[in-house]
Amino acid sequence: MKTILNKAKFLAMTALMSTAASAAMAANDGIEVNHLGANNTLVRVTGQGRYLMLPVQESNDEAVINIIVDGKAEGKINVRLAKNKVDHSMPLDLQKYEGKNVVLNIVTKHDRTSMREAKDDAAWNNITLVDSLNLENIEVYRPIYHHTPVYGWMNDPNGMYYADGRWYLAYQWNPYGSKWQNMNWGESSSTDLIHWDRSITPAIEPDGLGMVFSGSAAIDHTGSAGFGDDVVVAMFTSADASQVQSLAHKDPQTGQYVVYEGNPVLTLESEARDPNMFWNEEAGQWVLTLAHALDKEMLIFTSPDLKNWTLQSAFGKGLGAQGGVWECPDLFPLNVDGTDQVKWMLVCNLNPGGPFGGSATQYFIGDFDGKTFTADLDADGNVPTKWLDHGKDHYATVSFSDTTGRRTVIGWMSNWQYANEVPTLQFRSANTLPRDLALFTAPDGQIYAATTPSPELEALRGQIVAQAKNKSLGTKALTYSLPASNRGACEIIAEIEAETADSVNLIIGNASGEKTVVSYNPTDNTVSVDRRESGVTAFSEEFPAVTVAPAFTADGKVTLRMFLDTSSLEVFDGKDGRFVLTNLVFPANPYTTLSVDAQGGRARLTSLKVYSINF
Ligand code: FRU
C-alpha cells in the first residue's frame, strides 16, 4: 500500500530526519556491521523496523549501496554516507523485503588504505532501524504554500494530468539524499492545486534499464495501448549508459504505476529524453515530442498505440536560444487574444543558455499540422526567442494533460547553476505556483504567452494586513507591514503609475537590511527583480542577480501581483499576465516590510493590498 500523507498526518507523525545525537542512542540495534576493507562494509539487517535510516553527510562522495535480498541483487543506490558528521538521515524502506534477509554491500569512496579508519565513519554508529518517520519540517526555508517533496531532492515536474477532480503531479525525486541522484518518480495529488497529498514511497522506481528520468502522463481513453480504456499511461526516459523511452500504466484498482514489461518502446542512436505525448483526436493517433538534447532540437513522432513510433519531423536546429541542451518539451494549442484563432505553443526548456544564466524555459509560437511544427516569424523574417518566465528559477515547466478549457503549467523553481547548493537539507527544491496560459498579441505584432496565477490561488488570501489608495510617491519611501505569521509569506497586489518618475521601487525587506527590490522602469518599459542583497546568497556566485522582463504596457501603468513565500518571490503582471519573474530568495530573517518609492520624479501608488496567507 502506498502511503499518502495529508497535512494533518504529516505534522502528527513522529520519529525521521534524526540528528546524529539522537540517532546514536539506538545505533546498531538490529543491525550488524562487518568491515571488509578500507572502503567496503557489509550491513546486515537482523532486527525489526520498517525503515533503515541511512546517515548522510552532504559534502561526501557517494557510496554505492548494493541491496541484496535473500542473496539476490535487488538494485543499487548512491548515498553520501556520513564520515565525520551526520547532516540528516534518509530512509530505506524495507517493507517490501519483509521476512527476507537484507544485506547491504557498501562501497565507499574515501581516500584511505586501512580498515581501521573505515570503522570510524559516522555512518556505522548512526545507522538505525525505525518503525515510522518523523516528517516534521525542520527547515526555515520550507515553503508554506508551494509544493515540495516530503524529504530528499526534487527536480522536474513529471507525469502531470487531471482526472476525476484531482490534479496529479509527479516529479524527479531522490529519496536517498538532498542532491540530484537515484532518479525515481515521486507523486503528489491535489483537488485544488494548493494542498498536496504527498507520497513517501516512489511512484516509479529505477529498474534494469536505468533511472527514471522526466516524462509525461495522459489518459488513454480508447485503450489504444492495450492497458484498458481510460487508463493513465506514463511515458518516461529510462537513463543508464544510454537514454531510451519507456511506458508504465496506472493499475485502476491500486492506483499504482506498473512498468511495461516490453520496455523500451523507443530507442534512438543519440541522446533523447523527456517524452511528452498527447492524443490527437482529429488524426486518431498519439503525438510525441522528444528532446533531442545535444542536437538542440525537438523530435516529433506519432503512434497508434504508444508502443510503435514513427518519426515525423524535427524542429529547432539552429533556432531560438541554443546555449545549452534542449530538454522537457511540451506542445499544445491555445487561443489568441481570447478569440477563436488557435496557435500552437512549443515549450522548450534549455540549460544552460537562459537570459540570466543557467536554466530557463523558451517557447515558440506557430502552427502544427499533426506532424510538423512551423514557428511564426518576426518582422525581419527570423524565428524569435521568447521566454516564458524572466526570473532565474523557472525550469522544466510543462502542462497538465486532460484538462478542459484551460492549460495549466507548473515548473521546477530552481536553476541547475546552484540547485544542489541552496541552503536547505531535509528537502531541496519546490515547484512554482500553478499558472494558466493564454496567448496575446503584443505591440510588436508578435504573439506571446500570457501567464496568470491559477484561479485556485485566490483561496489562499487571508487577512488584509496592509492597504493603501491613491498615494503620491517620491524619494521618501512609504512603508507597509508584511504579515507577522509564516515568515512574512503573503500576496501583494500593487497598482502603480509611473507619472514623471524614472523608476518605481517596491522594496521587500527587513531590519537587518536584507531586501529584494522589484522595480518598474517606464523608460525601457521593464519590470526587474534585484535579489543581490536578498539574504543568504553566498552559496553560489551565480545566485546574486537582477532579472528583467518586458512589461508590455503602453501607458506607464502596471499592476504587480506578487507571491512571497519563505524562500521565493513570484512577480506577475496582475492585469494581463504579460510578464512573470520567478526568483528564489533566502532572507536570513523573515522579511517584515514593503517600502514603496519613486526615483527621478513623482509616481502614484493607485492601490495596494497585502494579504496574509491562509493555508
Ligand atoms: C531537466 C533534466 C531532464 C532529465 C532530468 C533528470 O532538468 O535534465 O532532461 O530527464 O532532468 O533528472
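Descriptive notes on the structure:
- When segment 510-535 is filtered for residues that are more than 16 Å from residue 561 (Cβ to Cβ) and touching an Asp or Glu at 6+ places or on another chain (Cβ under 9 Å), the ones remaining, listed by number, are 513, 514, 515, 517, 521, 522, 523, 533, 534, 535.
- From the options 266, 290, 247, 299, residue that is closer than 18 Å to residue 187 by Cα and either crowded, with 22+ Cβ neighbours inside 10 Å or within 13 Å of the ligand (Cβ to nearest atom) (or both): 247
- Per this entry, residue 105 is counted among residues that are polar (S, T, N, Q) and away from the ligand (no atom under 16 Å from the Cβ).
- Within segment 556-578, restricting attention to residues that are surrounded by fewer than 22 Cβ atoms within 10 Å (Cβ to Cβ) and among the charged types (D, E, K, R), the residue that is farthest from residue 424 (Cα to Cα) is 557.
- Among the residues examined, residue 375 does not qualify as at pLDDT below 95 and either buried (at least 19 other Cβ atoms within 10 Å of the Cβ) or away from the ligand (no atom under 16 Å from the Cβ) (or both).
- Leading residue by the ranking (surrounded by the fewest Cβ atoms within 10 Å (Cβ to Cβ)) among those in segment 110-144 that are small (Gly, Ala, Ser) and closer than 12 Å to residue 35 by Cα: 114
- Test result for residue 307, touching a residue at least 12 places away in the same chain (Cβ under 8 Å) and away from the ligand (no atom under 15 Å from the Cβ): yes
- Residues satisfying the stated conditions in segment 74-130, i.e. in contact (Cβ under 8 Å) with a residue 60 or more places away in the chain and out of contact with any strand residue (DSSP E or B) (no Cβ under 8 Å at 6 or more places or on another chain): 85, 110, 112, 113, 114, 117, 125
- Considering segment 206-244, and only residues there that are in contact (Cβ under 8 Å) with a residue 40 or more places away in the chain and among the acidic types (Asp, Glu), the residue that is farthest from the ligand (Cβ to nearest atom) turns out to be 220.
- Residues of segment 525-545 that are surrounded by 17 or more Cβ atoms within 10 Å (Cβ to Cβ), part of a loop (DSSP other than H, G, I, E, B) and of a type in the set (Ser, Thr, Tyr): 534, 537.
- Qualifying strands (runs of 3 or more DSSP E) (wholly inside segment 546-604; at least 1 residues being under 21 Å from residue 479 (Cβ atoms)): 557-565, 568-573, 593-599
- Test: residue in segment 490-500 that is without any contact (Cβ under 8 Å) to a residue 40 or more places away in the chain and acidic (Asp, Glu): no
- Selected residue (criterion: surrounded by the most Cβ atoms within 10 Å (Cβ to Cβ)) from residues of segment 433-451 that are more than 24 Å from residue 562 (Cβ to Cβ) and in contact with a strand residue (DSSP E or B) (Cβ under 9 Å, 6 or more places away or on another chain): 447
- Considering segment 319-372, the residues that are more than 28 Å from residue 416 (Cβ to Cβ) and of a type in the set (Val, Ile, Thr) include one that is farthest from the ligand (Cβ to nearest atom), namely 339.
- Lone qualifier among 366, 370 - being in a strand (DSSP E or B) and surrounded by fewer than 23 Cβ atoms within 10 Å (Cβ to Cβ): 366
- If you go through segment 465-496 and keep only what is surrounded by 13 or more Cβ atoms within 10 Å (Cβ to Cβ) and of a type in the set (A, V, I, L, M), you end up with 465, 466, 468, 473, 477, 478, 482, 489, 492, 493, 494, 496.
The values are calculated or read from the model by the stated rules, or taken from the named source; none is laboratory data. It should be emphasised that the depicted structure is a prediction, and the values quoted were computed from it without experimental measurement. Here Cβ is always computed from backbone atoms with ideal geometry, including for glycine, and neighbour counts include all displayed protein chains.
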